[in-house]
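J.: Just dropping this structure here.
The values are calculated or read from the model by the stated rules, or taken from the named source; none is laboratory data. The shown structure was predicted, so the numbers you read here are calculated from the model rather than taken from an experiment. For neighbour counting, all protein chains shown are included, and Cβ atoms are generated from backbone atoms with ideal geometry for every residue, glycine included.
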Amino acid sequence: GNSVTQMEGPVTLSEEAFLTINCTYTATGYPSLFWYVQYPGEGLQLLLKATKADDKGSNKGFEATYRKETTSFHLEKGSVQVSDSAVYFCALTTNAGKSTFGDGTTLTVKP
Amino acid sequence: ETGVTQTPRHLVMGMTNKKSLKCEQHLGHNAMYWYKQSAKKPLELMFVYSLEERVENNSVPSRFSPECPNSSHLFLHLHTLQPEDSALYLCASSQEGGGGGHTGELFFGEGSRLTVL
């Protein structure tokens, strides 16, 4: 079956530090890949996505590139802010519309 | 504002109560989902409705009963719950099928925080 494995947390960084959260996946076919973010007390919301190999998704300074050869979709941001503190979920959706989520990585950014 | 509204946001109930969670989506989507999010556990998919028909039921206990009266509304009826059912229940919607608009993206509500005493 499909699976998503993401870096275990929690991750604690100082403001303006570089962020990487690793994500690898296993799936048949050519899934679409997503990063969702969940701020405290809220539901998940889409952060960025990529629908085919070598696509780069980006939003709010975050980026992730769909790497088919390494089955990865690592999330990066050059300079994190306190307001980026949240839980980040890597996910895939197959062509059949079935979604699989990673376990989530909690990020805390300290001033 | 994601276009998916859940009510109530918070609910406290005893084990003998009957209550319902409501979800409404204003996005014109044709699929709706219930997820359970417990502390320190992965997100669990509970039910999927596509075109108002239940297409997935992931071994959820019968004390949870979903209802999808139309493509915009989804309910989760709760009865004789256990304390371990305390969690955040998330509703989501998506547009499935071929043609334009299918991206695989899920749109989530803000969740209903359920506490079972």
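J.: Which number in (1) under 12 Å from the mean Cα position of the chain (by Cα); (2) at pLDDT below 95 marks the one condition that B:Leu90 misses?
T.: (2)
J.: If we scan region A:78-93, do we find a residue that is among the polar types (S, T, N, Q), in contact with a strand residue (DSSP E or B) (Cβ under 7 Å, 6 or more places away or on another chain), surrounded by 14 or more Cβ atoms within 10 Å (Cβ to Cβ) and within 14 Å of chain B (Cβ to nearest Cβ)?
T.: Within region A:78-93, one or more residues are among the polar types (S, T, N, Q), in contact with a strand residue (DSSP E or B) (Cβ under 7 Å, 6 or more places away or on another chain), surrounded by 14 or more Cβ atoms within 10 Å (Cβ to Cβ) and within 14 Å of chain B (Cβ to nearest Cβ).
J.: Output the residues belonging to region A:45-63 that are in a strand (DSSP E or B) and surrounded by 13 or more Cβ atoms within 10 Å (Cβ to Cβ).
T.: Within region A:45-63, A:Gln45, A:Leu46, A:Leu47, A:Leu48, A:Lys49, A:Ala50, A:Gly57, A:Ser58, A:Asn59, A:Phe62, A:Glu63 qualify.
J.: Do any residues in region B:1-16 that are within 14 Å of another protein chain (Cβ to nearest Cβ) have Cβ atoms under 8 Å from those of residues that are among the hydrophobic types (A, V, I, L, M, F, W, C) and in a loop (DSSP other than H, G, I, E, B), where the two are at least six apart or on different chains, and which pairs are they?
T.: From residues that are within 14 Å of another protein chain (Cβ to nearest Cβ), the pairs are B:Gly3/B:Leu27; B:Val4/B:Leu27.
J.: Take B:Lys36 and tell me if it is within 14 Å of chain A (Cβ to nearest Cβ), part of a loop (DSSP other than H, G, I, E, B) and closer than 27 Å to A:Gly102 by Cβ.
T.: When the stated conditions are applied, B:Lys36 does not pass them.
J.: Of all residues in region B:40-64 being farther than 21 Å from B:Gln25 by Cα and facing chain A (nearest Cβ under 9 Å), which is surrounded by the most Cβ atoms within 10 Å (Cβ to Cβ)?
T.: Checked region B:40-64; the qualifying residue surrounded by the most Cβ atoms within 10 Å (Cβ to Cβ) is B:Pro42.
J.: Can you report the number of residues in region A:6-44 which are farther than 25 Å from B:Cys23 by Cβ, within 11 Å of another protein chain (Cβ to nearest Cβ) and not in a loop (DSSP other than H, G, I, E, B)?
T.: Final tally of qualifying residues: 2.
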